[in-house]
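Structure, as structure tokens:
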């Protein structure tokens, strides 16, 4: 018969609970107080120990577990909004269930147990608990980061409409803080767009001229000036100084803008149409890139979000 000591159960649960609470805060991206997490871990460990006492069975009913979950979240984290509270609670449940799944799988795979009949209890081997804790932390923390990146990417992509000489094109643009291009004399910001995406709004002769920018000379320069283009020099990470042709569009619209702050409305270059959630930007230039901006064509243009909010 296996003998289990209360102090061992307490310490093992203390470590596991701390990891679960820490991982929950990391996924939610909440400021962490180590002291509060330790207090929450101690509370959860005591709750586990009390499971041994038969007179406290009511604490382990569905209602008892739910009330304790609310208490645990309140003790472990500092927050100010009910939405954050409920988010923490749901993520904590998800992390706990995922950890339980890891332990269950490890019992069946590494401990030569039948997956149908194996159970998780106080007698679960320590090496299984350690491995499951480390594996669940690595996987769930990376999964949380991946989901945030996907979510951020979706939020940062907008529909861009450019009008020039009576022609209109629709593109997907990425709100990129790394794009800090400005016209050097007027300091007008520049939206970078892939050349081939602009083909519908350019006459064939002009498009062919732009394709020949690699052979730039005075003749080509003068020809582009006739089309009211400007030539600026720029540098980027890992790229030597190059030339870029820029032009002023007749109209530029960015659609599906989520944030409508007061500063946006007061900005003289931006007007807002509340019905269709769009912004019309007047004081802007379009810079032409001969290289793909995205390998999978998720977006065709780069725009600095400060253009919309400053």
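Some points to look at:
- Selection within the range 174-202: residues that are more than 27 Å from the chain's Cα centre (by Cα) and assigned to a helix (DSSP H, G or I). The member of this set that is surrounded by the most Cβ atoms within 10 Å (Cβ to Cβ) is 198.
- The residues of the range 23-38 that are within 21 Å of residue 81 (Cβ to Cβ) and modelled with pLDDT of 90 or more, listed by number, are 36, 37.
- Those residues of the range 3-42 which are part of a helix (DSSP H, G or I) and surrounded by fewer than 16 Cβ atoms within 10 Å (Cβ to Cβ), in sequence order: 6, 7, 8, 10, 11, 15, 34, 35, 38, 39
- Test: residue 248 is surrounded by 13 or more Cβ atoms within 10 Å (Cβ to Cβ), at pLDDT below 85 and within 14 Å of residue 161 (Cα to Cα): no
The values are calculated or read from the model by the stated rules, or taken from the named source; none is laboratory data. These numbers were taken from a predicted model, which means no experiment stands behind them. Counting neighbours? That spans all protein chains shown, and the Cβs are built from the backbone with ideal geometry, glycine included.
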